[in-house]
Structures are given as structure tokens and as C-alpha cells.
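For reference, the structure is listed below as C-alpha cells.
The values are calculated or read from the model by the stated rules, or taken from the named source; none is laboratory data. Only a predicted model underlies this, so the values are computations on that prediction, with no experimental measurement involved. Using ideal geometry, Cβ is built from the backbone for each residue, glycine included, and neighbour counts are taken over all protein chains shown. Please note that ligands, DNA and RNA were not included when accessible areas were found on the heavy atoms of the full protein model with its side chains. Shrake-Rupley method; radii C 1.70, N 1.55, O 1.52, S 1.80 Å.
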Amino acid sequence: MIWVETVVNGMLLGGLYALVGLGLGYAFGVMKIVNVAQGDFIVAAAFLGVFLVPWTPVHPLLVIVPVAIVSFVFGIILQRTMINRVLGQDQIPQILLTFGMAIVLRNAMVEIYGANSQSIDVGNLRFMGFDVLGLRLGVLPVVILGIAVALFAALHLWMRHSRMGRIIRATADDHQVVQLSGVNYRRVYGIAMGIALALSAVAGVLLAMRGSFTPYSGADRLLIAFEVVVIGGLGSFWGMFAGGLILGVTQLVALKLDPSSGLMWGHLMFLVILFLSPNGIAGLVRR
């Protein structure tokens with residue numbers, strides 16, 4: 001049963017990994033922008049959660065809401081004032097701009113919060129567990145997986161069935177054609193970036209609840225996000241979700257077998273899937 005428990009816990013961790021990659025994959029799928037600052041935005045959201053928790057008179061889990069709202073507004077402002085100016089066929093200016101943002105964010109967080117590790121205190125929730133079918137599971141990881149599934153499902157349904165969702169999909173397909181219907185694609189891009197940063201903010205707060213972080217943790221978060229997106233395949237929400245599960249299960253199983261180099265096997269799994277199917281799991285399914 002210990003291996004079954006390891007796999008299940010890996011899936012719980014993978015749900016969080018999938019959420020880490022969702023914002024990056026969404027921004028690239030809509031605007032074709034490689035946001036190198038994604039990991040630092042996630043860490044900045046975690047720090048915002050740490051700041052707001054003492055001022056929130058409710059359970060720390062609900063701090064996700066104001067952090068996501070602030071990140072959504074910030075994403076719209078960021079897209080309209082800076083990123084829209086470098087959009088085009090050449091992705092080098094986009095990468096340089098977001099790389100500069102990452103450096104500024106990282107140094108600002110060090111200046112404000114210092115280099116010490118931080119976490120969000122969720123009280124006894126972090127240590128609570130329950131038994132099901134002979135398995136011992138933590139309450140917090142199960143709650144995090146539930147939030148991840150709910151966000152994936154909500155975004156999937158909203159993109160398919162809402163008017164704005166259809167506009168965003170049409171803009172992602174061809175932003176020049178939608179202008180013939182009176183759509184301002186730059187405003188649509190602003191909303192899309194707001195959504196991407198809001199999703200990343202939720203992931204950042206949940207990561208801060210599950211473990212610790214520092215201002216320098218952005219690189220690790222960015223690596224996880226890239227691996228999830230590549231394993232799952234661009235353009236597929238549920239492909240990215242499956243990519244997160246694969247990455248989480250691989251890491252925990254490998255850590256059980258070899259604690260000294262277990263994390264390496266997650267990266268090797270990424271390389272294997274990239275070699276077998278450059279379009280990720282979604283590409284394999286389409287075949």
C-alpha cells in the first residue's frame with residue numbers, strides 16, 4: 001500500500017503543479033508570449049498572501065480571492081502599458097521584457113521582505129489527515145487538488161460557452177481577423193493576461209500554504225511551469241493537468257526510490273516525453 005499511497009500523494013502534488021503551469025500555458029496559447037517572469041509573479045503573489053493573511057478576518061485559504069483580484073488588475077495594466085508594445089512575430093523583445101520584469105520583481109521582493117524563507121500559516125489544516133481505503137492523505141493537499149480541478153473546469157467551460165471566452169479563442173486564432181468584427185484585440189489580450197496572472201496568483205498562494213519559499217524561488221516555479229506546459233501540450237487545458245499529474249507522481253515515486261536524486265527523474269521524464277512527442281500528451285492523443 002505504501003506505493004499506492006505514494007502515487008496518490010504524487011497526484012495531489014501534481015494538481016498543484018498543473019495549476020502552476022496553467023497561467024503560463026494560457027498566456028502563450030492566447031498571445032504567443034513566453035513569460036519568463038512567470039515564476040517571479042507566482043512568488044510575488046505568495047508574498048502578497050503572506051502580507052494579507054494577518055489582515056484577513058477569515059480562514060487563510062480565502063486570501064486567495066483578494067490576491068487573485070489584485071493580480072488580475074495588475075495583469076491588465078501590465079499588458080496594456082508594456083507587453084502590448086512588444087507583441088509581434090519576433091519573440092525576442094517579449095523574452096527580454098519579461099526577463100527584465102523578473103529581475104526587477106526579484107530584487108524588489110528581496111528589498112522589501114529580505115532573503116529569509118516564508119510560508120502562509122494555515123494552522124492545523126497543514127497537519128490534518130484522514131484515512132480512506134487504507135491510505136493516509138492530508139486534508140490540505142486534497143483541498144488544493146479540488147481547487148485546481150475546479151479552476152481547470154471553470155476555465156474550460158468559460159472559454160467554450162461564454163461570449164468573452166469565444167472572443168478570446170477567436171483572437172488567439174487570428175487577432176487581425178477579429179478586428180473586422182469590431183474587436184479590440186489589445187483589450188482582449190489585457191483580459192487574457194489578467195486571467196493568466198490571477199491563475200498564477202492562486203498557484204503561488206497555495207504553494208506558500210503547502211511549503212516555504214524565498215524571493216529566489218521564482219526560477220524553480222518557472223521550470224515546473226515550463227515542464228507542465230510542454231508535457232501536457234500547448235492548447236490543451238486537460239493535457240496540462242495530466243502533465244502536472246505525471247510530473248508530481250514521477251517526482252514522489254523517484255524520491256521514494258532515491259531520496260538523493262529523486263527530483264532529477266521528473267526532469268528526465270520531461271525530456272523523454274519531449275523526445276517521444278514534441279507536442280506533448282495532447283499531441284499523442286490527437287494522433
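Below are the figures for this structure:
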read-out	value
Solvent exposure of the stretch 2-286 as accessible area per residue, Å², 1.4 Å probe	48 Å²
Stokes-Einstein D for the stretch 1-141, Kirkwood Rh over Cα pairs, 20 °C, 1.002 mPa s (µm²/s)	121 µm²/s
The chain: angle of helix 64-81 to the longest principal axis, Cα-based, in degrees nearest 10	30 degrees
Computed lengthening from Thr56 to Leu133, 0.36 nm per intervening residue step minus Cα-Cα distance	24.1 nm
Per-residue HN-Hα couplings for the stretch 212-220 [Karplus 6.51, -1.76, 1.60; θ = phi - 60°; Hz; x = Gly/Pro]	9, 7, 10, x, 9, 7, x, 4, 5
Cα centre as origin, Lys/Arg/Asp/Glu Cβ charges: the chain dipole, Debye	740 debye
With every protein chain in place, the stretch 2-286: carbon and sulfur % of accessible area (1.4 Å)	68 percent
Normalised contact order of the chain, rounded percent, pairs of Cα under 8 Å and 6 or more residues apart	38 percent
³J(HN,Hα), Karplus 6.51/-1.76/1.60, whole Hz, each residue of the stretch 34-47, x for Gly, Pro	8, 8, 5, 8, 4, x, 6, 5, 4, 5, 4, 5, 5, 5
Loop-located chymotrypsin sites (Phe, Trp or Tyr not before Pro) in the stretch 184-287 whose Cβ has at most 15 other Cβ within 10 Å (DSSP)	Tyr216
Among Ser217, Leu13, Ile83 - extreme Cα towards positive end, dipole of the chain, charges at beta-carbon	Ile83
Taking all pairs of distinct alpha-carbon atoms in the chain, Kirkwood radius in angstrom	19.5 Å
Top positive-direction residue, dipole computed over the stretch 2-286 with Cβ charges, set Pro66, Ser117, Val50	Pro66
